[in-house]
Amino acid sequence: MKKKSFLAIVLVIICSFSMVLPAFATSYVPFASDQISSYSISATAASGGKIAIDFSVTGAGKMSVIGAKSIAIYEKIGSRWEFAKSFSQGDSGMTKANAYIYGNTIYYNGVSGREYRVDVTVFAQDSTGASDSRSKSFAVTAI
Amino acid sequence: MAEKKHNPDYYYLNQLSTEQLEELLRVDSVSGKEKNDDLILYILEVIEKREQTSPTGRLPDVGKAWAEFKEYYAIPEGDGLSLYPTKREEEIFLNAREKDDFEVQRKPWRFMRHTFIAAAVIALIILSTVPAFGYSSIFQLIGEWTAEQFGFADAPRDTHHNSETEPPGGKNYTSLQDALIQYGIAEAVVTQSIPDGFQLEEIWVQEYAGTGNIEFSAPYAKGDDYIIITVIRHNGQTNSIYEKDEKELAHYMAGNIEHYIFHNNNNVTAAWSVNSLECSISTTLPVDELEKMIDSIYEE
């Protein structure tokens, strides 16, 4: 009986997928990119309250601009995240022009023991002006 | 649409055939153990995605099944009857047919046999591949991918290089191999054969303070075509994500190392891992040219 009920559940799930997924298929956008080949983003606690934000983007060919589009840092105050600092693509060390690949480490001077949220967006823009971006968020406690 | 975050331990399931996945579902359903719902759902999602990409008719047509149910079973004559035998009916049925009873007794053994076969196959795959890469965990050697992304599971921490003897970044290098050697990297990871006409654009080396990783890259160009060779020496967790489209990922063996080849719209990437090194070649060239470049890495 247990086996039958389990098989029934599996069949119901399969049937559910059959009915539901086609509806998603129309709005499903694969992550393949014409501008980005690969990327990596990380945020880690460094010594002295610093937070080290590493990013790297490899373009799908030579890009007119490639690198980090934005980095936003929020500090946890009580149960809320309050804006602390941001970096934009025009800031030093964020992007490189006419390059296939770019990456760097950007530091934020935090306070030891405090918790921060770091939102990072990397991007690549080709010579036609078309661009693509990817984002990641991290929670880091400064040490 | 954001995809549900899955347990990375299940990514290896993407490499099993649909038949193997169905066998795992069957084994799980008869094992009598507590069900692993996440595993089952992950397998079902993999099968569903494959079915969407290449329909085989494996999944039932719900509309047709419902119509058949209404036509043959949900009829006035069936009111008050069960589709399945009740316990009493089952007892009568089994008492009357001893042969069938014997078959019912044999089924657990058949399922046990399937369980052992599936377990043996999985164990053989694991045991035959893990030592070749020298990794302590199977998840460190297996690439993980979905329809739209590829990445490696955790890479082992680099323990072979002394950072005090390493040169600072920003130095000029004559070649990618030269840069790797100056950082004490001796593994064969650089292609020895670049197709005719491609010009080296730069040797790019970046040390990342947060992760301790070092990234080496050499882009080559010829008109609109390009080849980008990248080597990342990991000092801890790998976090690279490679873009890919829905085309089937291919495995290419060379130098006794498994290379994962996948497409990203108009370019193709080969990615592989050697010890603490994550390597890739991305290019606009066709796959056979990419395979030639991979082969040249391991030529004597």
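Each label was represented as a point 7 Å from its Cα along the Cα-to-Cβ direction; for A:Ile77 and B:Glu77 these points are 7.6 nm apart. Packing here is the average count of other Cβ atoms within 10 Å per residue, and on that basis the peptides B:272-284, A:130-142, highest first, run B:272-284, A:130-142. Take each peptide in B:202-214, A:102-114, count the other Cβ atoms within 10 Å of every residue, and average; sorted highest first, the result is B:202-214, A:102-114. Legend: distances between Cα atoms for A:Lys85/A:Lys136; A:Lys50/A:Lys76; A:Lys62/A:Lys136; pairs beyond 19 Å are A:Lys62/A:Lys136.
Taking every residue in A:100-110 and counting other chain Cβ atoms within 10 Å of its Cβ, the average works out to 4.
Ratio of Rg to Rh for the range B:143-297, alpha carbon only, Kirkwood? If you can, show how the numbers build up before the last one.
Numbers: Rg = 15.1 Å, Rh = 16.0 Å.
In the range B:143-297, Rg relative to Rh is 0.94.
Database remark: amide H of A:Ser133 closer than 5 angstrom to no amide H (H placed geometrically; neighbours at sequence offset of 5 or more, or on other chains; Pro and chain starts carry no H). Computed from backbone phi with θ = phi - 60° and the Karplus coefficients 6.51, -1.76 and 1.60, the 3J(HN,Hα) list for the range B:38-52 is 4, 4, 4, 5, 5, 4, 4, 5, 4, 4, 4, 5, 5, 5, 5 Hz; x is used for glycine and proline. Protection proxy ranking, highest mean first, for peptides B:229-236, B:259-266: B:229-236, B:259-266, where packing is the per-residue count of other beta-carbon atoms within 10 Å, averaged. Across peptide B:201-209, the average count of Cβ atoms from other chains found within 10 Å of a residue's Cβ is 5.
Size of the range B:222-295 from its Cα atoms: along the principal axes, largest to smallest, the extents are 36, 26, 24 Å. The phi torsions of the range B:260-269, fed into the Karplus equation with coefficients 6.51, -1.76 and 1.60 and a -60° offset, translate into couplings of 9, 10, 8, 9, 9, 6, 8, 10, 10, 10 Hz, rounded to whole numbers, with Gly and Pro shown as x. The simple Förster model, with R0 at 22 Å and r as the Cβ-Cβ distance, assigns B:Ser54 and B:Asn265 a FRET efficiency of 0.65. When A:Ser86, A:Ser64 are compared by accessible area at a 1.4 angstrom probe, the order from most to least is A:Ser86, A:Ser64. Spin-label model, A:Ala97 to B:Gln199: label points 7 Å out along the Cα-to-beta-carbon direction sit 2.0 nm apart. Each residue of the range B:272-281 was assigned a 3J(HN,Hα) from its phi angle through the Karplus curve 6.51 cos²θ - 1.76 cosθ + 1.60 (θ = phi - 60°); the sequence is 8, 10, 10, 6, 8, 9, 10, 10, 7, 10 Hz, with glycine and proline shown as x.
Put simply, the amide H of B:Ala254, placed in the peptide plane, has neighbours under 5 Å in B:His259, leaving out anything fewer than 5 places away on its chain. Can you send over the solvent-accessible area of B:Lys49, 1.4 Å probe, protein chains only, in Å² to the nearest 10? Counting only protein heavy atoms, the figure is 70 Å².
The values are calculated or read from the model by the stated rules, or taken from the named source; none is laboratory data. All figures in this text were calculated on a predicted structure; none of them were measured in a lab. Please note: Cβ atoms are built from the backbone with ideal geometry, for glycine as well, and neighbour counts cover all protein chains shown. What goes into the accessible areas is simple: the full protein's heavy atoms, side chains included, and nothing from ligands, DNA or RNA. Shrake-Rupley method; radii C 1.70, N 1.55, O 1.52, S 1.80 Å.
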